[in-house]
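Below is one structure; the comments refer to it alone.
The values are calculated or read from the model by the stated rules, or taken from the named source; none is laboratory data. Remember, predicted model here, so these are calculated numbers, not experimental data. Every residue, glycine as well, gets a Cβ built from its backbone with ideal geometry; the counts of neighbours run over all protein chains shown. Ligands, DNA and RNA are stripped out before the accessible areas are found, and what is left, the full protein with its side chains, is counted by its heavy atoms. Shrake-Rupley method; radii C 1.70, N 1.55, O 1.52, S 1.80 Å.
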Amino acid sequence: MTAMKRSILIHPDPRLRKICTPVADASDALRTLSRDMLETMYDAPGVGLAAPQVGVLERLIVLDCIKAEGEAPRPMVMLNPEVMAASEETNVYEEGCLSIPEQYAEVTRPAEVEVRWLGLDGREHREGFSGLWATCVQHEIDHLDGKLFIDYLSAIKRQLITRRMQKLKRELARG
Ligand code: NI
């Protein structure tokens with residue numbers, strides 16, 4: 001079966017602000033969802049996508065932070081991902097989000113994190129991430145708790161970006 005692109009919700013949307021439900025197990029439905037989400041993410045293009053961004057309020061994220069030309073892709077699917085440990089050392093990255101198109105801002109986060117998740121293989125995984133991977137996995141896990149990168153910015157910047165997105169949505173609705 002081929003993967004199907006799903007449409008990405010644009011902020012502000014109440015579904016992007018919900019606490020998502022843990023998944024019970026690696027089901028065929030979640031396999032299909034994650035394949036569709038990877039297709040959607042690569043097509044966008046983006047380096048990560050969380051299930052609530054396609055309107056599914058379950059704890060599932062996909063990511064692939066390999067950006068270098070000619071390097072093999074590394075698609076990752078995480079069910080019920082959790083940050084188990086975070087470094088005191090921080091990193092600043094200019095973040096963006098497929099639900100907040102073409103808006104970027106610097107966000108400070110722990111430079112390294114240890115993440116535990118359930119894989120589509122039904123097994124528990126644990127891995128340390130650094131660099132862009134660390135930022136991306138934290139950004140995607142935030143989505144599962146209804147949190148967006150603009151929540152780390154000042155209220156003024158957040159409101160400015162939100163107003164731009166409201167305008168964009170009105171334009172998209174008009175077609
Ligand atoms: Ni995002």
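Figures for the structure shown
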{"read-out": "Table column - 3J(HN,Hα) (Hz), the range 68-82, Karplus curve with 6.51, -1.76, 1.60, x for Gly and Pro", "value": "5, 4, x, 7, 5, x, 10, x, 10, 10, 10, 9, 6, x, 9"}
{"read-out": "The range 1-71: trypsin sites (Lys or Arg not before Pro) in DSSP loop, at most 16 other beta carbons within 10 Å", "value": "K5, K18, K67"}
{"read-out": "Approximate spin-label separation R126-E94, in nm, with each point projected 7 Å along Cα-to-Cβ", "value": "3.7"}
{"read-out": "Largest-first ordering by accessible area, 1.4 Å probe, given options S154, S7, S34", "value": "S7, S154, S34"}
{"read-out": "Sequence of E127, E82 when ordered by accessible area, the most exposed leading, probe 1.4 angstrom", "value": "E82, E127"}
{"read-out": "Cβ-based net charge around G146, under 14 Å, with every Lys or Arg adding one and every Asp or Glu removing one", "value": "-1"}
{"read-out": "Amide H contacts under 5 Å for G55, placed H, 5+ residues apart", "value": "L9"}
{"read-out": "Virtual spin-label span in nm between Y104 and K169, 7 Å along Cα→Cβ", "value": "2.5"}
{"read-out": "Taking the chain and dividing mean pair separation by its residue count, relative contact order in percent (alpha carbons under 8 Å, at least six apart)", "value": "24"}
{"read-out": "Contour minus Cα-Cα distance for I19 and T162 (0.36 nm per residue)", "value": "49.5 nm"}
{"read-out": "Peptides ranked, highest mean first, by Cβ atoms within 10 Å: ranges 144-152, 98-106, 70-78", "value": "144-152, 98-106, 70-78"}
{"read-out": "Accessible area per residue, Å², the range 35-86 with all protein chains present, probe 1.4 Å", "value": "43"}
{"read-out": "Surface share of carbon and sulfur [accessible, 1.4 angstrom probe, percent] for the chain", "value": "50"}
{"read-out": "Nearest-10 value in Å² for the accessible area of I161, using the 1.4 Å probe", "value": "10"}
